[in-house]
Amino acid sequence: MEDLLKKIEEYKHEITAFNVTDEKQVEDFRIKWLGTKGIVKAIMGEMKNVAAENKKEAGRILNEFKLFTETKFEELKATLTTNNTVTGSSIDLTLPGNAIPVGSRHPVVLMRNKIVSIFQRLGFAVAEGPEIEDDWHNFGALNLPEHHPARDMQDTFYVQTNPDWVLRTHTSSVQIREMEKGKLPIRMLMPGRVYRNETVSARSHCFFHQVEGLYIDENVSFADLKQTLYFFVKEMYGKDVKVRFRPSYFPFTEPSAEMDVSCFICGGSGCNICKKTGWVEILGCGMVHPNVLSNCNIDPNKYTGFAFGMGIERPAMLKYGINDIRLFSENDVRFLKQFTAAT
Ligand code: PHE
C-alpha cells in the first residue's frame, strides 16, 4: 500500500509538469497514461495485491488518480486549441499557407520577347507562318532555284509524303508570305521555330528558333539597316558594345553582311565564348535581292528593303550561362524553373 501511494505521488508530479505544444504530444500522453496498455490501467491492476482491509481506501485513491489523469488530458487538449485558434474555430491563421507553384517562361520565349519588344518600339509588327513549308516559300522565291548550290548552306528535312514540302529551314519563308500579300510598306518581324538536318550536340540542334526582320518601302537604304541594328544592339547589349559588319553571302540579299558585336562576356579582350577574337557573331542581314521582290510582284525599281535574321538560342545561352543547347528541349523542370524571376 505504501509503495502504491508513493508511486502515485510520483506519477502525479510527472503529469503535473507535463506540457504540450502540438497534437502529437497530446496523443502520446493519452497512449502513455490512458491507453489500453497505459500506466493508469496497469496501476489499477495492482488492486489485487492490496490487502483486503486496505482495498476500499486504495480503490478511492486509484479512482481519484484516474480522474486526475483524465482531467489533465482534457486540459492539454484545451491548451492546444486556445493557444492556436480564433475563438470557436480550429483554423490557425498564423500557419503559413499552401504554396501555389508559379509557372515560369521558357528561356527561349524570354529571349524572343526581349528581341521582339525592341523592334516593336521601332514600329515592327509580328508575323507568323507555317513550319511545314513548300519549296517555293522556303527556297524558290528567295532566289534559291532548284539545284542552287546555296541550298546546301541549310541541310533540309524533306517531308516524305510530298517532295515539295520541307520543314522550314529559316523564317525567311514568312517574309515571302508577307510580301505576297502586296500591302506596302512592310515592317515585320518573324519569330519562329526552324529545322535543319544537323547532328545534335551541345552546340547545335536539329531545330531551333529565329527572329527575322523585314522592312520594305521606297528609298530604304543600307544606312537604314545599319541604324536599325545599331539601335537593337544598344538596347539589347548596352551602349558600350561595339558593332562591326562583315561582307557575306545570302542568295536572297545583295549586298549581304554578317554583324558581330564586341564580346559582352570579356569586353573584347578575348575569351572562350568569342574564341579569343573579341567578337561574337549575332546575325545575318542585307538588302533584299531584286529577284526576291519581283518573285513577290513588288517592283524592284520602286521599292527597296532590308532583311535580317538571328538565332534565339545562342544569345539566350550567353545571357543565362547555359552551356548545352539540348537543355532547351528536354523539358527538365529543374532546368526550366530557374527562369521564374528572369526577365
Ligand atoms: N535566313 C538566314 C538564315 O537563316 C538569315 C538571314 C535573314 C540573312 C535575312 C539575311 C537576311 O541563316
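Can you spot a residue in segment 329-339 that is surrounded by 19 or more Cβ atoms within 10 Å (Cβ to Cβ) and not in a loop (DSSP other than H, G, I, E, B)?
Within segment 329-339, none of the residues are surrounded by 19 or more Cβ atoms within 10 Å (Cβ to Cβ) and not in a loop (DSSP other than H, G, I, E, B).
How about segment 258-296: which of its residues are away from the ligand (no atom under 16 Å from the Cβ) and either closer than 30 Å to residue 219 by Cα or of a type in the set (Gly, Ala, Ser) (or both)?
The answer is 261, 262, 267, 268, 269, 270, 278, 294.
What single numbered condition from (1) open to solvent by 50 Å² or more (accessible area, probe 1.4 Å); (2) assigned to a helix (DSSP H, G or I); (3) not assigned by TED's automatic domain parsing to the domain that holds residue 249; (4) not hydrophobic (A, V, I, L, M, F, W, C) fails to hold for residue 112?
(3)
Among the strands (runs of 3 or more DSSP E) confined wholly to segment 203-281, which include 3 or more residues that are not assigned by TED's automatic domain parsing to the domain that holds residue 123? Lay out the reasoning, then the answer.
On the way: elements: 207-217, 243-250, 253-262.
Answer list for segment 203-281: none.
Quickly run through segment 286-326 and pick out the residues that are under 28 Å from residue 110 (Cα atoms), in a loop (DSSP other than H, G, I, E, B) and open to solvent by 10 Å² or more (accessible area, probe 1.4 Å). Can you show your working first?
Our first condition is that a residue be under 28 Å from residue 110 (Cα atoms); within segment 286-326, this holds for 286, 306-326.
Among the residues that remain, those that are also in a loop (DSSP other than H, G, I, E, B) are: 312, 321-324.
Hits for segment 286-326 are 321, 322, 323, 324.
Is there any pair linking a residue in segment 8-26 that is in a helix (DSSP H, G or I) to one that is aliphatic (A, V, I, L, M), with Cβ under 6 Å and at least six apart or on different chains, and which?
26/20; 26/76
Just wondering, is there one or more residues in segment 99-117 that are without any contact (Cβ under 8 Å) to a residue 24 or more places away in the chain and farther than 30 Å from residue 313 by Cβ?
Yes.
For segment 206-251, enumerate the residues that are within 16 Å of the ligand (Cβ to nearest atom), surrounded by 14 or more Cβ atoms within 10 Å (Cβ to Cβ) and among the basic types (Lys, Arg).
Selection gives 226 alone.
Within segment 164-177, can one find any residue that is more than 12 Å from the ligand (Cβ to nearest atom), in the same structural domain as residue 307 (by TED's automatic domain parsing), open to solvent by 20 Å² or more (accessible area, probe 1.4 Å) and part of a helix (DSSP H, G or I)?
Let us first name the residues in segment 164-177 that are more than 12 Å from the ligand (Cβ to nearest atom), namely 164-167, 177.
If we keep only those that are in the same structural domain as residue 307 (by TED's automatic domain parsing) as well, we get 164-167, 177.
Then drop every residue that is not open to solvent by 20 Å² or more (accessible area, probe 1.4 Å), which leaves 164-165, 167, 177.
When the remaining residues are screened for being part of a helix (DSSP H, G or I), the result is 177.
Yes, that holds for at least one residue.
Here is a check on your reading of the model: is residue 203 more than 23 Å from residue 117 (Cβ to Cβ) and buried (at least 16 other Cβ atoms within 10 Å of the Cβ)? Don't jump to the end; show me each part of the working.
Working: more than 23 Å from residue 117 (Cβ to Cβ): yes; buried (at least 16 other Cβ atoms within 10 Å of the Cβ): no.
Answer is no for this residue.
Does residue 156 satisfy being crowded, with 19+ Cβ neighbours inside 10 Å and in a loop (DSSP other than H, G, I, E, B)?
Values: crowded, with 19+ Cβ neighbours inside 10 Å: no; in a loop (DSSP other than H, G, I, E, B): yes.
So residue 156 fails the test.
Of all the residues that make up segment 29-47, how many are open to solvent by 60 Å² or more (accessible area, probe 1.4 Å) and not charged (D, E, K, R)?
Total satisfying the criteria: 3.
What's the number of the condition residue 133 fails, among (1) within 16 Å of the ligand (Cβ to nearest atom); (2) surrounded by fewer than 17 Cβ atoms within 10 Å (Cβ to Cβ)?
(2)
The values are calculated or read from the model by the stated rules, or taken from the named source; none is laboratory data. These numbers come from a predicted model, not from an experiment. So basically every Cβ, Gly included, is an ideal-geometry build from the backbone, and we count neighbours across all protein chains shown. Please note that ligands, DNA and RNA were not included when accessible areas were found on the heavy atoms of the full protein model with its side chains. Shrake-Rupley method; radii C 1.70, N 1.55, O 1.52, S 1.80 Å.
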